[in-house]
Amino acid sequence: MPVSWHSRSLRRELLGWLLLPLAAVVAFNVWTTYRNARQTADLVTDRMLLASARMIAENVRESDGIFQAPIPPAALEMFASEDRDRVIYRVNGPRGELLAGYPETLPPPRQPSGFQHVYFTGTHRGEAVYAVALSQPVVSTRGGEALVVVGQTLRGHDRLVKSLWLKTLRDEVLLVAVAGLLALFGLHRGLAPLLRLRDEVRRRDPHALEPLDTTPVQTELRPLVLALNEALAQVERQVAAQRRFIANAAHQLRTPLTLLKAQIGVGKRGSDVAAAHEALTGIGTTVEGMTRLSNQLLSLARAEQGSTLLHREKVDFNAICREAVENLAIMAMERDIDLGFDGAPAALPVSGHATLLRELATNLIENALRYTPKGGTVTVRLRAAGGARVALRVEDNGPGIPAEEREKVFERFYRRLTSGVEGTGLGLAVVKEIVASHEGTVTLQDRVPSPGLAVLVLLPAFDG
Ligand SMILES: Nc1ncnc2c1ncn2[C@@H]1O[C@H](COP(=O)(O)OP(=O)(O)OP(=O)(O)O)[C@@H](O)[C@H]1O
Ligand SMILES: [Mg+2]
């Protein structure tokens, strides 16, 4: 039977669970790094723009009633970089007249006053520009404020962000890669005992049932191996029981066959009719015994399947037992036994298989009839019992079964040899199997008053 072992890989799953959260953390980190890089670059740009604007503003003065704004070279040189960012500026006098720079470039969103400044973004010839507007009171006879606007395109700014951010990104990707490799290595080492165990199980001889070695596996896996071993031990016990059963059954079949052969031989050699008749009677008894044996073997096979294969339905256990008693009335009469039926006042529904349950009752009543001496009493009682169960009690006043043998009589082919009654030793084994397949219990007790045996069967009552 091919089994797909590869549909889910433990190693892949563990690796996934390790790396996915790590990747999420790294992604978050990359994002915050990007934000920090932007903030740093913004700050640097802000400072530069403001410093430049201040330098220009400090040079605004009035001479002979005319405002002048000579631009100090240092104020523009500080922007010089390899990015060739464009620097735009203008200076307006107190009445709005243009003192230097380009007219109408970069209008600020609001007019600053006093020594205030405003940062803002705008565009210049289709390119994004970051700018500052600064108001500077001018020392003059008329008073008033000059407005200085300095802006810069963002190439240098963006390159700074990128360089700050890319370095972190590279480090983080490297970190994930290294972590992945280490995790893979760790997983390989950690899972090695499990894989060894798998190989050991695969390599085994399919019939080998000895337990697996628990020493090389980790503590977490030990319960799994122990459970496996327990299952193996169970299978071993079952296999052994099955073998014993087959050996016993074969032996039980061979014995009467040998006897049959001998009886036929005697019959053939016999000269008169009386001898032939005697031989035939013997053969009849042997065949009867064999028929009973094969019937019991069949019952056992059916009962073993009971729990899994057979269809169960709602049946009245009270009625089934009454039928069993009725069917055995003739046998009771022949054996001169007083067979009584003390049924329940109402139906006792159980979920079960009628034929098997009839067999259960028949086996118990038959045992009582066969092992109780002539003139005895057998009573079959049915009641609803506590715990949503129904109870069948078969009592006789025969020899009973001593307490130390009460477990053994349920074994297949086990017979007590004291009785002198013919049988196969399978009756109670069949009973046990049927009771188990109906989730019930069976116990042997002393009859009160003694002597005698009381067999108590409890089955779960039908519920909905
Ligand atoms: N009511 C009983 N009183 C005394 N002994 C009993 C009674 N029922 C069973 N036993 C003992 O238990 C043994 C096992 O019973 P079981 O019904 O399993 O086998 P069997 O009666 O010998 O054979 P089978 O019923 O298969 O023909 C019997 O051999 C018998 O000694
Ligand atoms: Mg029996």
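Tabulated data
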read-out: Rh by Kirkwood over Cα pairs, then Stokes-Einstein D for the stretch 138-245 at 1.567 mPa s and 4 °C, µm²/s; value: 61 µm²/s
read-out: Debye-sum result for the chain in log10 I(q)/I(0), which assumes one identical scatterer on each alpha carbon, at q = 0.11, 0.14 Å⁻¹; value: -1.00, -1.24
read-out: Where labels lie 7 Å past Cα in the beta-carbon direction, separation of Ala329 and Ala51 in nm; value: 12.1 nm
read-out: Helical mean residue ellipticity (222 nm; -39500 (n - 2.57) per DSSP H run of 4+; nearest 500) of the chain; value: -17500 deg cm²/dmol
read-out: Which of Lys432, Lys314 has the fewest Cβ neighbours within 10 Å, and the rest in rising order; value: Lys314, Lys432
read-out: Restricting the stretch 188-250 to trypsin sites (Lys or Arg not before Pro) in coil, as DSSP defines it, with at most 15 other Cβ within 10 Å; value: Arg204
read-out: Efficiency of FRET from Cβ geometry, Gln68 and Arg38, R₀ 41 Å, rounded to 0.05; value: 0.60
read-out: Kirkwood-based shape ratio for the stretch 6-203, expressed as Rg/Rh from alpha carbons; value: 1.37
read-out: All lysines inside 22 Å of Lys314 as judged from Cα atoms, apart from same-chain residues fewer than 8 positions distant; value: Lys432
read-out: √(5λ) per eigenvalue of the Cα gyration tensor, the stretch 222-304, largest first, Å; value: 46, 12, 5
read-out: Relative compactness, the stretch 311-460, computed as alpha-carbon Rg over 2.2 N^0.38 Å; value: 0.98
read-out: Length added when fully stretched, Asp171-Leu187, from 0.36 nm per residue minus Cα-Cα; value: 3.4 nm
read-out: Computed over the stretch 409-455, the ratio Rg/Rh where both radii use C-alpha atoms and Rh is Kirkwood; value: 1.02
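None of the figures in this text is laboratory data; all of them are computed from the coordinates on show. Everything quoted here is computed from the prediction, not taken from an experiment. Cβ sites come from the backbone with ideal geometry, for glycine too, and all protein chains shown count toward neighbours.
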